Amino acid sequence: MRWLLPPRADEVDLAAVYALPADRAPGRPFVRANMISSLDGAIAIKGRSGGLGGPADQRLYDTLRSLTDVVLVGARTMRTERYGPVRVDATARAQRLARGQSPVPPIAVVTRSCHLDWASPFFVEAQARPIIFTTADADSGAVARASAAADVVVCGDTAVDLGRALRELGRRGATSVLVEGGPGLNAQLVAGGLLDELCLTLSPRLVAGNGPRVLAGHELAETLGLDVIHILEEDGFLLLRLQPCPTDTR
Ligand SMILES: NC(=O)c1ccc[n+]([C@@H]2O[C@H](COP(=O)([O-])OP(=O)(O)OC[C@H]3O[C@@H](n4cnc5c(N)ncnc54)[C@H](OP(=O)(O)O)[C@@H]3O)[C@@H](O)[C@H]2O)c1
């Protein structure tokens, strides 16, 4: 892997390069999203993201998980990508403990239906108890089953209020949240002014089709400008680290 921007000749140490900033928005954790997209904007091939990735993207994915306090994901991504429990290797685990973090970050799932497979390895083999953010109108039987497998937090009547969910994670001690999509969840976070950083990998492929992009749903009332923090490259994969630009005059 090599630096493209800023131009640097030293080796890329992903954990150091993606270290979380000390500055945080008041009252909630730092929110970083990680996504991969083809060059023509597809975020899935036949409904799943796996066909877009490569070794560089996989290392970034593991590194970002190893750095965060909590992973946050939409229920459809958790289902379609067949999420399992987070695995953190011994080195990263020791680094987490040295930073005062739990050995493994829990995954928080956003779901209105509360219909998830409670007997799946995601729940049964989790080393950090998952968190379910759901709504007051969720099916009460499903919520009861969820409570046996996860910490259930009601954060809204008919939709999870993501600002409230993030504040709840902060109340539980999280200072950073890694959002792993999908596009529906990403769009809500951006619309709510809740995204602090976007890690976007551009996969050197064309996919076509009518699938969603990195953000889905309604067009934003105002577009969000992004500043480039860095760009890395490996095997044609471009790893962009971006942050919202406070005064976007472009
Ligand atoms: N390329 C990448 O990096 C990447 C990353 C992630 C995902 N993906 C792809 O993206 C697709 C899935 O993304 P998606 O946008 O369709 O779905 P998503 O955002 O992952 O999940 C949508 C679901 O999350 C729940 N949800 C979201 N916001 C909610 C709210 N405010 N209140 C209550 N529930 C809420 C609902 O779950 P319930 O239905 O349970 O109520 C909703 O159906 C998949 O094809 C996946 O492969 C790609």
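The values are calculated or read from the model by the stated rules, or taken from the named source; none is laboratory data. Source: prediction; values computed, not measured. Don't worry about glycine lacking a Cβ; one is built from the backbone with ideal geometry, like all the others, and counts go over all protein chains shown. SASA here: full protein model, heavy atoms, side chains in, ligands and nucleic acids out. Shrake-Rupley method; radii C 1.70, N 1.55, O 1.52, S 1.80 Å.
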Cα-projected label distance for residue 220 with residue 208, points at 7 Å along beta-carbon direction, nm: 3.0 nm
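Subtract the Cα-Cα distance of residue 161 and residue 40 from 0.36 nm times their separation in residues, and report this length gain in nm to one decimal. Write down the numbers at each step before the final one.
On the way: separation 121, 0.36 × 121 = 43.56 nm, distance 3.15 nm.
Full-extension gain reported as 40.4 nm.
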Within the stretch 187-250: Cβ-based charge dipole about Cα centre, in debye rounded to nearest 20 (Lys, Arg +1; Asp, Glu -1): 200 debye
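Suppose every Lys and Arg Cβ carries +1 and every Asp and Glu Cβ carries -1, with no other charges. What dipole size does the chain come out with about its Cα centre, to the nearest 20 debye? Mind dumping the intermediate values first?
Working: 27 positive and 28 negative charges, 95 e Å.
I would put it at about 460 debye.
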Longest to shortest principal axis, alpha-carbon extents of the chain, angstrom: 55, 42, 37
Accessible area of the stretch 81-223 belonging to carbon and sulfur atoms, whole % at 1.4 Å probe: 51 percent
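Would you kindly give the portion of the calculated P(r) for the stretch 18-83 that falls above 18 Å, as a percent of all Cα pairs?
On the way: 1023 of 2145 pairs.
Of the Cα pairs, 48 percent sit more than 18 Å apart.
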For the chain, built as a Gaussian network whose Cα springs stay under 10 Å, the top-fluctuating residue of 40, 23, 137: 23
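Would you please give the FRET efficiency between residue 4 and residue 117, computed as 1/(1 + (r/R0)^6) with r the Cβ-Cβ distance and R0 = 41 Å, to the nearest 0.05?
After rounding, the FRET efficiency stands at 0.50.
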Furthest towards positive pole of dipole, 83, 17, 206, structure part the chain, Cβ charges: 83
Degrees, to the nearest 10: 162-171 long Cα axis against longest axis of the chain: 80 degrees
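Using a Förster distance of 25 angstrom, determine the FRET efficiency expected from the C-beta separation of residue 99 and residue 151, and round it to 0.05.
Details: r = 23 Å, r/R0 = 0.90.
FRET efficiency, residue 99 to residue 151: 0.65.
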Segments 84-92, 196-204 sorted - mean Cβ within 10 Å per residue, highest first: 196-204, 84-92
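Calculate the FRET efficiency for residue 80 and residue 15 from the Cβ-Cβ distance with a Förster distance of 30 Å, rounded to the nearest 0.05. Spell out each step's value before the answer.
Working: r = 29 Å, r/R0 = 0.95.
FRET efficiency, residue 80 to residue 15: 0.55.
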Where the chain is the region considered: accessible area per residue in Å², 1.4 Å probe: 50 Å²
Bins of 10 Å from zero: percent of alpha-carbon pairs in the stretch 129-250: 11, 32, 33, 19, 5, 0
All-pairs alpha carbon distance profile, the stretch 206-250, 10 Å steps from 0, percent: 20, 35, 39, 6
Helix-only CD estimate at 222 nm, as mean residue ellipticity for the chain, using -39500 (n - 2.57) per DSSP H run (n ≥ 4): -7000 deg cm²/dmol
Helix 140-149 axis, angle to the chain major axis (alpha carbon atoms, nearest 10°): 60 degrees
